[in-house]
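Enquirer: Mind having a look at this structure? Questions to follow.
The values are calculated or read from the model by the stated rules, or taken from the named source; none is laboratory data. In this text, all values refer to a predicted model and were calculated from it rather than measured experimentally. Counting neighbours? That spans all protein chains shown, and the Cβs are built from the backbone with ideal geometry, glycine included.
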Amino acid sequence: MAGRAPSLEAIGMTKVFGPLVALDDVSIKVEAGSFHALLGENGAGKSTLVKCIMGFYSADKGQVRLDGQEVAIRSPRDARANGIGMVYQQFTLVPCLTGAENLVISRADAPAVIDWAKEKKHLDAFMAEMPFRVPMNTPVSSLSAGEKQKLEILKLLYLDQRFMILDEPTSVLTPGEADEMLGLLGGMADRKEITVLMISHKFREVKAFCDHFTVLRRGRFTGAGDAKAVSVPEMSAMMIGDTAIRERAARKKHNEGADRLELAGLFAEDNDGLPAIRSVNLKVKAGEIVGIAGVSGNGQSALVEALSGQRPLSDGGIYINGEFFRPKRGSFDRYKVFGLPEEPLKNATVPRMSVAENLAFRSFDKPPVAKLGWWMSPGPMREKARELIARYRVKTQGPDAPIETLSGGNVQRAVLARELSGDVDVLIVANPCFGLDFASVADIRSQIMEQRNRGAAVLLVSEDLDEILELADRVAVMSGGTINYVARIEDTDRNTIGQHMAGH
Amino acid sequence: MDNALVTVLIAMLGGAIRVSTPFMFVALGETLTEKSGRINLGLEGNLVLGAMVAYAVSYLSGNAWLGVLAAGGSGLCLGALHGYICKLPRVNDIAVGIAMMSFGTGLAFFFGKPFIQPSAPRLDAIPLGDWTGNPALAQALQVNPLFFVGIALAVFMFWAFRNTRWGLIVRMTGDSAASAKAMGVSVDLVRFLATAAGGFLAGIGGAFLSLYYPGSWNQGLSSGQGLMAVALVIFARWDPIKCIFAALLFGAAGALGPSLQSIGISQGYYFFNAAPYILTLIIMIISAGSKASARDVPGELSITK
């Protein structure tokens with residue numbers, strides 16, 4: 001198997017969608033057996049580039065060369081036939097099939113009647129050569145995210161796809177799992193068994209495991225080089241260019257406040273009736289940010305849903321300033337609890353209603369929008385919306401545009417505008433910067449920090465450990481539906497947190 | 001009293017064997033369709049149209065088995081129509097299913113008028129109980145070959161969902177259309193074929209109604225068996241073998257009323273006749289109440305999304 005890694009070169013790739021030039025004359029060269037990182041912000045054209053290579057899009061201009069030979073890739077099927085495979089951010093394994101079934105059916109020549117005895121023997125022989133193991137006889141739906149990720153990679157190797165494109169492969173893994181997997185892939189690349197092109201946002205991983213990198217910005221090539229030699233500041237300069245980034249709000253030192261938010265023994269079930277969170281205990285003081293770290297799917301979503309009233313608690317209670325808090329609209333108002341849930345377009349807005357209406361969700365039944373508690377007048381509502389749009393720099397066609405027409409960052413800003421414009425005592429935030437570009441990220445993190453400085457108790461749930469290390473005063477780690485570790489941020493480090501994320 | 005109990009049990013056994021067959025075929029057809037990620041609520045229409053076509057063809061040709069085949073064909077056409085309509089963008093399979101149910105029964109009543117009076121050749125049963133010497137048992141063990149075809153089919157489907165390429169592709173399409181597409185499988189085509197094949201089976205279930213038990217064609221022939229069978233699929237957790245047991249259970253429950261009457265218990269006759277329906281309700285409440293069972297549901301069904 002050694003020495004079979006292909007090299008791939010894409011030359012002068014251009015792709016235009018209507019008025020948008022998604023890819024403008026981009027070239028990339030991936031040597032045989034290299035572990036190549038593709039860097040860039042959201043919307044920089046990374047996905048477009050790999051989708052052109054994979055045959056999902058046909059490039060308007062440009063050619064792809066595999067081992068120096070030009071190849072025509074018109075569909076994902078052609079890519080597969082040429083030994084080019086991709087692991088997507090959303091898994092493509094079929095949840096109800098077992099690992100073995102998934103592998104066998106993914107073969108183009110899957111037999112009409114499957115002789116399992118023969119296939120199992122073949123699979124065992126194949127697995128014996130592989131650097132990692134995954135249970136093959138349980139349905140994929142019961143595997144952990146890390147195992148699924150490994151199975152996706154095994155599938156590519158099983159199909160003999162030796163040029164693999166990985167799209168942010170570590171976003172669902174613990175730091176430990178991520179390092180293990182990248183290390184193994186790096187080893188295979190070193191032995192010239194595979195060639196890897198990895199889309200990533202994480203400089204740490206790029207520096208530790210990749211040997212080359214290419215950077216895109218706004219659809220253009222902005223740099224490439226040796227990942228070991230080029231420093232992180234240089235790489236990030238290539239990624240963001242000369243965009244001015246708003247100064248981060250500084251952390252204000254102040255004396256510890258009183259306990260503001262208390263979660264006492266919270267239990268809740270997931271949609272299948274299995275325990276999603278178990279015995280969650282946590283206190284958040286006024287003027288403090290507590291970050292909840294954890295690998296996606298360890299109960300964080302259920303916790304935020306329970307706090308925002310979207311999921312019933314089966315036991316335990318939420319207390320604010322020592323008083324029992326029932327997550328209902330009236331209580332949110334009385335206790336000044338505000339929130340920024342993940343996927344705000346889905347969880348915090350009504351997509352087809354206008355920006356003005358969405359901005360008024362907290363205040364439509366109060367003066368000046370409402371008279372006598374029920375008579376709504378759109379005038380003041382639109383006025384208020386205009387003010388918030390200007391203050392929070394929400395880019396929209398106007399207050400009457402449906403909120404679903406806004407970009408992700410602007411939906412996030414609009415929700416922030418609604419939630420932060422008043423007096424905030426408690427703020428619950430979940431993955432606030434997921435999928436946003438550098439400038440928006442800085443902006444939103446500053447807003448959260450400002451609320452803390454003004455004395456709000458902030459609960460920040462995030463899958464991005466860097467975000468927590470930057471913002472939080474204390475960190476709590478969630479694993480298996482419960483909080484198993486709490487520490488002040490200065491008393492802990494990435495490794496310790498990572499170990500607790502893995503449940504140790 | 002012991003004797004009476006035996007009589008009731010034998011009658012229920014006979015009922016289970018006799019009444020279960022149409023449930024079986026419709027439920028197996030629906031299982032296939034739902035495993036591919038689509039719901040066809042219109043199988044009641046296939047059942048009634050199948051019954052009419054079977055009776056008509058049997059009457060006109062003099063061959064009952066030709067009727068069975070024609071019934072399957074009519075079901076295939078209705079299923080294919082459902083499959084085709086659902087392929088169009090922004091079409092809801094449940095709404096189409098309800099429309100197809102009215103369409104199928106309407107079509108059957110329209111063309112079936114002339115066949116209510118005449119008597120057509122019927123399917124023969126295999127007497128399996130003559131050796132017992134007990135006339136009641138012998139009568140209960142008069143088994144129609146279609147019953148065995150249904151059981152064989154269920155076993156085959158159970159095997160095929162695990163051991164054939166087509167079985168895996170159907171399950172894949174039903175659980176994750178995105179994965180199927182990524183593998184180059186045409187999701188629409190798989191669902192079209194699965195719906196058509198499901199319709200075929202439901203049509204055969206209809207043939208059993210008009211050609212064996214009750215064994216005539218009239219407008220009140222089906223009392224919602226087609227709808228009930230769709231509910232059975234949920235009860236059976238999309239498992240063909242469990243479909244057979246569910247169908248037998250329903251058949252036995254349906255025979256409860258008449259058999260109690262035959263031993264002189266006529267009090268609550270209508271209540272016992274409603275047993276299958278009450279059973280449906282109870283089963284649905286229980287199975288909906290257990291959240292863990294939601295795991296067996298094919299992920300692409302429009303009720304789960």
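Enquirer: For the stretch A:249-259, does any single residue satisfy the condition of being modelled with pLDDT under 85 and within 22 Å of A:VAL50 (Cβ to Cβ)?
Expert: Of the stretch A:249-259, the ones modelled with pLDDT under 85 are A:249-257.
After this cut, where a residue has to be within 22 Å of A:VAL50 (Cβ to Cβ) as well, the list is none.
Looking for residues that are modelled with pLDDT under 85 and within 22 Å of A:VAL50 (Cβ to Cβ), one finds none in the stretch A:249-259, hence no.
Enquirer: Please determine whether any residue of the stretch A:200-218 is outside any strand (DSSP E or B), more than 14 Å from chain B (Cβ to nearest Cβ), of a type in the set (D, E, K, R) and touching a Ser or Thr at 6+ places or on another chain (Cβ under 6 Å).
Expert: Looking for residues that are outside any strand (DSSP E or B), more than 14 Å from chain B (Cβ to nearest Cβ), of a type in the set (D, E, K, R) and touching a Ser or Thr at 6+ places or on another chain (Cβ under 6 Å), one finds at least one in the stretch A:200-218, hence yes.
Enquirer: Can I ask one more? Considering only the stretch B:172-195, I want to know if a residue exists there that is within 27 Å of B:MET52 (Cα to Cα), among the aliphatic types (A, V, I, L, M) and touching a residue at least 40 places away in the same chain (Cβ under 8 Å). Break it down into steps so the answer makes sense when it comes.
Expert: If we filter the stretch B:172-195 for residues that are within 27 Å of B:MET52 (Cα to Cα), which is where we start, we get B:191-195.
Still in the running and among the aliphatic types (A, V, I, L, M): B:193-194.
Those still in the list that are touching a residue at least 40 places away in the same chain (Cβ under 8 Å) too: B:193-194.
Checked the stretch B:172-195: at least one residue is within 27 Å of B:MET52 (Cα to Cα), among the aliphatic types (A, V, I, L, M) and touching a residue at least 40 places away in the same chain (Cβ under 8 Å).
Enquirer: Condition first: within 14 Å of chain B (Cβ to nearest Cβ) and under 15 Å from A:PHE325 (Cα atoms). Now tell me which residues in the stretch A:265-313 satisfy that.
Expert: Those that are within 14 Å of chain B (Cβ to nearest Cβ) and under 15 Å from A:PHE325 (Cα atoms): A:ARG311, A:PRO312.
Enquirer: Only one of (1) in a helix (DSSP H, G or I); (2) crowded, with 19+ Cβ neighbours inside 10 Å is not met by A:GLY85, so which one is it?
Expert: (1)
Enquirer: When you check A:LEU23 against the structure, is it of a type in the set (A, V, I, L, M), in contact (Cβ under 8 Å) with a residue 40 or more places away in the chain and part of a loop (DSSP other than H, G, I, E, B), yes or no? Reasoning before the result, please.
Expert: On the way: of a type in the set (A, V, I, L, M): yes; in contact (Cβ under 8 Å) with a residue 40 or more places away in the chain: yes; part of a loop (DSSP other than H, G, I, E, B): no.
Criteria not met by A:LEU23.
Enquirer: Oh, and also: Examine the stretch A:343-356 for a residue that is touching a residue at least 12 places away in the same chain (Cβ under 8 Å), assigned to a loop (DSSP other than H, G, I, E, B) and closer than 20 Å to A:ASP425 by Cβ, and state whether such a residue exists.
Expert: Checked against the condition, which is being touching a residue at least 12 places away in the same chain (Cβ under 8 Å), assigned to a loop (DSSP other than H, G, I, E, B) and closer than 20 Å to A:ASP425 by Cβ, the stretch A:343-356 yields at least one hit.
Enquirer: Test each condition in (1) away from chain A (no Cβ under 14 Å); (2) within 21 Å of the chain's Cα centre (by Cα) for B:ALA120 and report the one that comes out false.
Expert: Among (1) away from chain A (no Cβ under 14 Å); (2) within 21 Å of the chain's Cα centre (by Cα), the lone unmet condition for B:ALA120 is (2).
Table: residues versus (1) under 18 Å from B:SER223 (Cα atoms); (2) assigned to a helix (DSSP H, G or I).
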| residue | (1), (2) |
| --- | --- |
| B:VAL26 | yes, yes |
| B:GLY37 | no, no |
| B:MET52 | yes, yes |
| B:VAL57 | no, yes |
| B:LEU60 | no, yes |
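Enquirer: To continue, here is another question. Can you spot a residue in the stretch B:84-104 that is hydroxyl-bearing (Ser, Thr, Tyr), part of a helix (DSSP H, G or I) and touching a residue at least 60 places away in the same chain (Cβ under 8 Å)?
Expert: So far as the stretch B:84-104 goes, yes, one or more of its residues are hydroxyl-bearing (Ser, Thr, Tyr), part of a helix (DSSP H, G or I) and touching a residue at least 60 places away in the same chain (Cβ under 8 Å).
Enquirer: Scanning the stretch A:51-100 for residues that are hydroxyl-bearing (Ser, Thr, Tyr) and farther than 17 Å from A:LEU156 by Cβ, which turns out farthest from the other protein chains (Cβ to nearest Cβ)? Give the derivation first.
Expert: Let us first name the residues in the stretch A:51-100 that are hydroxyl-bearing (Ser, Thr, Tyr), namely A:57-58, A:75, A:88, A:92, A:98.
Add one more test, that the residue is farther than 17 Å from A:LEU156 by Cβ, and what stays is A:57-58, A:75, A:98.
Details: A:TYR57: 15, A:SER58: 17, A:SER75: 8, A:THR98: 9 Å.
Top of the filtered list is A:SER58.
Enquirer: Just one of (1) buried (at least 22 other Cβ atoms within 10 Å of the Cβ); (2) in contact with a Leu (Cβ under 6 Å, 6 or more places away or on another chain); (3) at pLDDT below 90 trips up A:GLN412, so point out which.
Expert: Going through (1) buried (at least 22 other Cβ atoms within 10 Å of the Cβ); (2) in contact with a Leu (Cβ under 6 Å, 6 or more places away or on another chain); (3) at pLDDT below 90 one by one, A:GLN412 breaks only (2).
Enquirer: Looking at A:ARG218, A:ARG191, which is the one that is out of contact with any Lys or Arg (no Cβ under 9 Å at 6 or more places or on another chain), in contact (Cβ under 8 Å) with a residue 12 or more places away in the chain and over 20 Å from A:VAL50 (Cα atoms)? Step through it out loud before you land on a result.
Expert: Details: A:ARG218 fails: over 20 Å from A:VAL50 (Cα atoms).
Only one candidate qualifies: A:ARG191.
Enquirer: Also, I was wondering about something else. Pull up the stretch A:1-20, narrow it to residues that are of a type in the set (A, V, I, L, M, F, W, C) and in a strand (DSSP E or B), then point me to the one that is nearest to A:MET188 (Cα to Cα). Please lay out each step first, then the result.
Expert: Narrowing the stretch A:1-20 to residues of a type in the set (A, V, I, L, M, F, W, C): A:1-2, A:5, A:8, A:10-11, A:13, A:16-17, A:20.
Now drop any that are not in a strand (DSSP E or B), which leaves A:8, A:10-11, A:13, A:16-17, A:20.
Numbers: A:LEU8: 17, A:ALA10: 23, A:ILE11: 26, A:MET13: 29, A:VAL16: 36, A:PHE17: 37, A:LEU20: 38 Å.
In this case the residue turns out to be A:LEU8.
Enquirer: Quick one: in the stretch A:316-342, of everything that is in contact (Cβ under 8 Å) with a residue 24 or more places away in the chain and among the hydroxyl-bearing types (Ser, Thr, Tyr), which residue is surrounded by the fewest Cβ atoms within 10 Å (Cβ to Cβ)?
Expert: Among them, the one singled out is A:TYR319.
Enquirer: Something else now. Pick out, from the stretch A:386-504, the strands (runs of 3 or more DSSP E) lying fully within it that include 1 or more residues that are free of Cβ contacts under 8 Å to residues at least 60 places away in the same chain. Spell out how you get there, then give the answer.
Expert: Values: elements: A:426-430, A:457-461, A:474-479, A:482-488.
Correct list: A:482-488.
Enquirer: Another question, then. Hey, any hits in the stretch B:170-179 for a residue that's within 14 Å of chain A (Cβ to nearest Cβ), surrounded by 23 or more Cβ atoms within 10 Å (Cβ to Cβ), under 20 Å from A:PRO95 (Cβ atoms) and of a type in the set (A, V, I, L, M, F, W, C)?
Expert: yes
Enquirer: Of everything in the stretch A:102-145 that's farther than 21 Å from B:PHE161 by Cβ and outside any loop (DSSP other than H, G, I, E, B), which residue is farthest from the other protein chains (Cβ to nearest Cβ)?
Expert: That would be A:ALA128.
Enquirer: Select, from A:GLY43, A:GLY68, A:GLY55, A:GLY62, the only residue that is assigned by TED's automatic domain parsing to the domain that holds A:ALA227, on the phi > 0 side of the Ramachandran plot and loosely packed, with under 15 Cβ neighbours inside 10 Å. Break it down stepwise before answering.
Expert: On the way: A:GLY43 fails: loosely packed, with under 15 Cβ neighbours inside 10 Å; A:GLY55 fails: loosely packed, with under 15 Cβ neighbours inside 10 Å; A:GLY62 fails: loosely packed, with under 15 Cβ neighbours inside 10 Å.
One residue alone meets the criteria, A:GLY68.
Enquirer: Another question about this same structure. Which one of B:GLY224, B:GLY184, B:GLY215 is surrounded by fewer than 24 Cβ atoms within 10 Å (Cβ to Cβ), within 14 Å of chain A (Cβ to nearest Cβ), at pLDDT below 90 and on the phi > 0 side of the Ramachandran plot?
Expert: Values: B:GLY224 fails: within 14 Å of chain A (Cβ to nearest Cβ); B:GLY215 fails: within 14 Å of chain A (Cβ to nearest Cβ).
Going through B:GLY224, B:GLY184, B:GLY215 in turn, just one is surrounded by fewer than 24 Cβ atoms within 10 Å (Cβ to Cβ), within 14 Å of chain A (Cβ to nearest Cβ), at pLDDT below 90 and on the phi > 0 side of the Ramachandran plot: B:GLY184.
Enquirer: Take the stretch B:144-169 and flag every residue that is of a type in the set (A, V, I, L, M) and more than 10 Å from every other protein chain (Cβ to nearest Cβ). It would help to see each step written out before you state the result.
Expert: Initial filter on the stretch B:144-169 (of a type in the set (A, V, I, L, M)): B:146, B:149, B:151-155, B:157, B:160, B:168-169.
Within the stretch B:144-169, B:LEU146, B:VAL149, B:ILE151, B:ALA152, B:LEU153, B:ALA154, B:VAL155, B:MET157 qualify.
Enquirer: Any residue in the stretch B:13-30 that is surrounded by fewer than 23 Cβ atoms within 10 Å (Cβ to Cβ) sitting within a Cβ distance under 7 Å of a residue that is assigned to a helix (DSSP H, G or I) and modelled with pLDDT of 90 or more? List the pairs, counting only those 6 or more apart or interchain.
Expert: Partner pairs satisfying both residue conditions: B:ALA16/B:LEU248; B:ILE17/B:PHE147.
Enquirer: Only one of these is aliphatic (A, V, I, L, M), surrounded by fewer than 16 Cβ atoms within 10 Å (Cβ to Cβ) and either within 14 Å of chain B (Cβ to nearest Cβ) or under 24 Å from A:GLU129 (Cβ atoms) (or both): A:LEU197, A:LEU185, A:LEU159. Name it. Reasoning before the result, please.
Expert: Working: A:LEU197 fails: surrounded by fewer than 16 Cβ atoms within 10 Å (Cβ to Cβ); A:LEU185 fails: surrounded by fewer than 16 Cβ atoms within 10 Å (Cβ to Cβ).
Unique residue meeting the criteria: A:LEU159.
Enquirer: Tally time: how many residues in the stretch B:255-284 are among the aliphatic types (A, V, I, L, M) and in a helix (DSSP H, G or I)? Quick ask: steps written out before the conclusion?
Expert: First, pick out the residues of the stretch B:255-284 that are among the aliphatic types (A, V, I, L, M): B:255-256, B:260, B:263, B:265, B:274-275, B:278-279, B:281-284.
Still in the running and in a helix (DSSP H, G or I): B:256, B:260, B:275, B:278-279, B:281-284.
Residues meeting the conditions: 9.
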